[in-house]
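First comes the structure, then the notes that go with it.
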Amino acid sequence: MSAMVDTLVAQAKGLPEQDRLALLDALFELVSPTEPAVEQAWIAACEQRMAAIDRGEMSLVDADEVMMKYRL
């Protein structure tokens, strides 16, 4: 890493968690911009899935279980 990146990372470590998350979102947007329509569709799908979980129509599986099942 460059000295500038090292400095920025050190400064980021000193931020409160919410600010670090906001910074991460902003940096991710710089390298992988999203189209508003795609983002809105993803949000809607997530909300529908959460509602189905809340209604008991969909169950959750622990990530470790899934990884063990598909690990080669």
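The values are calculated or read from the model by the stated rules, or taken from the named source; none is laboratory data. Since this is a predicted model, take the numbers as computed values, not measurements. Ideal geometry is used to build each Cβ from the backbone, glycine not excepted, and the neighbour counts take in all protein chains shown.
Regarding the range 7-27, can at least one residue be identified that is outside any helix (DSSP H, G or I) and within 13 Å of the chain's Cα centre (by Cα)?
No, that holds for no residue.
What about ILE43, is it in a helix (DSSP H, G or I), modelled with pLDDT of 90 or more and in contact with a Leu (Cβ under 8 Å, 6 or more places away or on another chain)?
Answer is no for this residue.
Within the group ASP25, ASP62, ASP19, which residue is surrounded by 11 or more Cβ atoms within 10 Å (Cβ to Cβ) and of a type in the set (Asp, Glu)?
Testing whether each residue is surrounded by 11 or more Cβ atoms within 10 Å (Cβ to Cβ) and of a type in the set (Asp, Glu) leaves just ASP19.
If you take the residues in the range 28-59 that are within 30 Å of VAL5 (Cβ to Cβ) and of a type in the set (S, T, N, Q), which one is surrounded by the fewest Cβ atoms within 10 Å (Cβ to Cβ)?
Within the range 28-59, the match that is surrounded by the fewest Cβ atoms within 10 Å (Cβ to Cβ) is SER32.
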